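I have placed the structure first, in the form of structure tokens, so that the comments after it can refer back to it.
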Amino acid sequence: MFKKLILISILGSCCNALWAARPMITDDARIVDEGSCQVESWAKFNQNINEYWALPSCNIGGNFELTVGGAKAHGDTVDGGHWGLVQVQGKTLLRAPKTNDWSVGLAVGHVKNEANLISPRMNDHYFYIPWTQSLRNDGLFIHVNVGASQKNDEKKYIPTAGLGMEYQIAPNSYLIAEGFQDSSEKLAFQGGVRHWLIPQRAQIDMTIGNKGEWDRNNRWISIGIRLLSPKWH
């Protein structure tokens, strides 16, 4: 389960993703507006374990977004059933997004995995390059991530990748779909919907995903909420 959690941390954020946003794990090449903050929070339910996430982030320098958050989980696992993590990530843009154009950025992060007394602590480092193409006057976005992660118990970096899309089906509603993988894991994928309750302020989402063969042991459901603040300066 740690490998799944780390993979989600590396390719999300968030994560983590702060305009592509929840529930996508594949990040986009955008950041929150200057002088603004957001909180992405969600629950993810697997066959044997449940995860609870919160990832606050702020744009603190015009072109720099800082995320500091974490997760807790519990369930029926061989490592004792309880663990958590703290994640810190910085993200910047190398080319700003525009309608019907492409953008690209860079994200670097650190994950500290706080295990229970049975499992050891793990610290992981990662980076990735998010690339986004806007199409159909921002009605369709394609996102590509390429990067690498270094896990606590390994000296070499492991390649990571993600491919995602979001398609607007109504003024405040989107369909999302994506696949993501690192070299030590089977391909994972998910799809779902996202809806603005209050445009640019409050958003809800739900997805279903799977890793490897389609069976209930590898399947998950996630439900999340995203809140964005007005500018604080």
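Values as computed for the structure displayed
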{"item": "Residues located in the range 158-174, provided they are buried (at least 16 other Cβ atoms within 10 Å of the Cβ) and aromatic (Phe, Trp, Tyr)", "result": "174"}
{"item": "Residue match in the range 191-213 (condition: more than 22 Å from residue 55 (Cβ to Cβ) and more than 18 Å from the chain's Cα centre (by Cα))", "result": "yes"}
{"item": "Filter result for residue 145 (touching a strand residue (DSSP E or B) at 6+ places or on another chain (Cβ under 7 Å), outside any strand (DSSP E or B) and closer than 27 Å to residue 114 by Cα)", "result": "no"}
{"item": "Condition broken by residue 164, with the remaining ones in (1) under 23 Å from residue 208 (Cα atoms); (2) in contact with a Leu (Cβ under 9 Å, 6 or more places away or on another chain) satisfied", "result": "(2)"}
{"item": "Odd one out for residue 177, checked against (1) modelled with pLDDT of 95 or more; (2) surrounded by 18 or more Cβ atoms within 10 Å (Cβ to Cβ)", "result": "(2)"}
{"item": "Filtered residue count, the range 180-197, keeping only those that are part of a strand (DSSP E or B), within 24 Å of residue 217 (Cβ to Cβ) and either open to solvent by less than 60 Å² (accessible area, probe 1.4 Å) or acidic (Asp, Glu) (or both)", "result": "6"}
{"item": "Boolean, residue 167 is at pLDDT 90 or above, more than 13 Å from residue 25 (Cα to Cα) and hydroxyl-bearing (Ser, Thr, Tyr)", "result": "yes"}
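The values are calculated or read from the model by the stated rules, or taken from the named source; none is laboratory data. Values in this document were obtained by computation on a predicted structure and should not be read as measured data. Positions of Cβ are generated from backbone atoms using ideal geometry, with glycine treated the same way; all protein chains shown enter the neighbour counts. These accessible areas exclude ligands, DNA and RNA; they are computed on the full protein's heavy atoms, side chains included. Shrake-Rupley method; radii C 1.70, N 1.55, O 1.52, S 1.80 Å.
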